[in-house]
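The values are calculated or read from the model by the stated rules, or taken from the named source; none is laboratory data. All values derive from a computational prediction rather than experimental measurement. In this analysis, Cβ positions are derived from the backbone assuming ideal geometry, glycine residues included, and neighbour counts consider all displayed protein chains. For accessibility, only protein heavy atoms count, side chains too; no ligands or nucleic acids. Shrake-Rupley method; radii C 1.70, N 1.55, O 1.52, S 1.80 Å.
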Amino acid sequence: MCAAVAVPPELLASLNHPPPPGPAVAFTLRLAEALHRYGTPAHRLEGLMQRVSERLGLEGRFFSTPTSLFASFGPPEALRTSLIRVEPGDMDLERLTLLDVLADDVIQGRLTPAEGARKVEDILARPARYGPALQLLCWTLAGGAAARLFGGGLREMAVAALSSLLIGTLGELTQRQPTTARVLEPVAAILSSALAALAASFMGPLSVQVATLAGLIVLLPGLSLTVALNELATRHLISGTSRLTAAALVFLQLGFGVALGSRVSTLLPPPPLTPLPPVLPGWTQPVSLAVATFAVGVLFRARPRDWGWMAGACTFAFAGARLGALLLGAQLGAFVGALLLGIASNALARLRNRPSVITVVPGLMLLVPGSVGFRSLSSLLERDVVAGVDTAFSMLMVAVALVAGLLSANALVPSRKVL
């Protein structure tokens, strides 16, 4: 007779707990990868994945970073773990909405997990809603509108619009080449600052800083900075720290490019002595806000049916921030804007049964402290250390105020949606 072979407890545990159902796991992994690709923060992604796995009868654990996703299924003593390497992609509000609706359909039993996995592939394969021509137009509009919202005049608006158009063209040409896409930020900053210096030398007096900053408005990582602090506040420390480091690196690249491009002014003749242009009337501010909202909607690939809701959210956030600045000061005024934006977005999400991210992200774009961080870095490069540190502190205060406003809004008006 053969002696009985002792089976290790780990192997016995794995035999007693067979692998979880294949279609459910496949759908969960494909959904998580797609949501990650289109800009979902770690705290929202992990929350939605936990909800989906529980409804599908899976015991799942998820861990997200900006460049990878870990998913484990089964009890702790018999885990099946998957590692997915993901390159961060551009924000796509339409695909995020479709993926959220798909998750609801699978959870409610209207689709099987296998059908859901195929639907995920269909959503990923959808052609881009907006072509390159409209994208470049919105780069141009975003630069011009930002210059007006920053207090610039017609000259600043024209220079910023041209800079943003050229930068958007570079982005379209390099987006399929990873090696060249990685140097987009410094090259764009050199281009924007050099063009602003040229315009000041030949067109007459204008604010070089406003024209440079507005031309780079789409590339400023203010939204990434706010998302990073939000992840840190929700105790997703690794993802938040990684995203914060990435945002700081983009600031440094932009600052280097601006410092290099501004050297052009030393080679140019002094600007001509011409009278200052007239100040633009006040009604141009709301017009610029509407134009910026349209540009953000296209650049973030939102559905046209959502543009009206986005415009309302942006107006709400902008007006709330201005009111908060009058009551609490410039730095803490962002808290009021983010609070009102979060409450309105969560209430709208409950009413429409759609993700609140559709209105939160465009509204945040008008509140994020990217321009403040850029000015801080410019001061440091000019060796004005006191002003640079003071402005950097202001940037962090604005970002913290935004995060506090959004978290307070989630506590006051919880959304039925995780996204």
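Restricting the search to helices (runs of 4 or more DSSP H) fully inside region 151-244 and requiring at least 3 residues that are under 25 Å from G405 (Cβ atoms) and touching a helix residue (DSSP H, G or I) at 6+ places or on another chain (Cβ under 7 Å) gives 222-233. The sole residue among I167, I84 that is over 30 Å from V258 (Cα atoms), β-branched (V, I, T) and touching a residue at least 24 places away in the same chain (Cβ under 8 Å) is I84.
Which one of L213, L220, L252 is touching a residue at least 60 places away in the same chain (Cβ under 8 Å) and either over 19 Å from A145 (Cβ atoms) or surrounded by fewer than 19 Cβ atoms within 10 Å (Cβ to Cβ) (or both)? Exactly one residue qualifies, and that residue is L252. Among the residues here, L327 qualifies as at pLDDT below 80 and open to solvent by 50 Å² or more (accessible area, probe 1.4 Å).
The set of residues in region 331-367 that are touching a residue at least 60 places away in the same chain (Cβ under 8 Å), surrounded by fewer than 17 Cβ atoms within 10 Å (Cβ to Cβ) and either in contact with a Ser or Thr (Cβ under 8 Å, 6 or more places away or on another chain) or not small (G, A, S) (or both) comprises R350, N353. When residues in region 291-315 are screened for being exposed (fewer than 14 other Cβ atoms within 10 Å of the Cβ) and either more than 21 Å from A347 (Cα to Cα) or at pLDDT below 85 (or both), 1 of them pass.
Return a yes/no flag: does region 225-237 have any residue that is without any contact (Cβ under 8 Å) to a residue 12 or more places away in the chain, over 28 Å from G297 (Cα atoms) and under 21 Å from the mean Cα position of the chain (by Cα). Yes: one or more hits.
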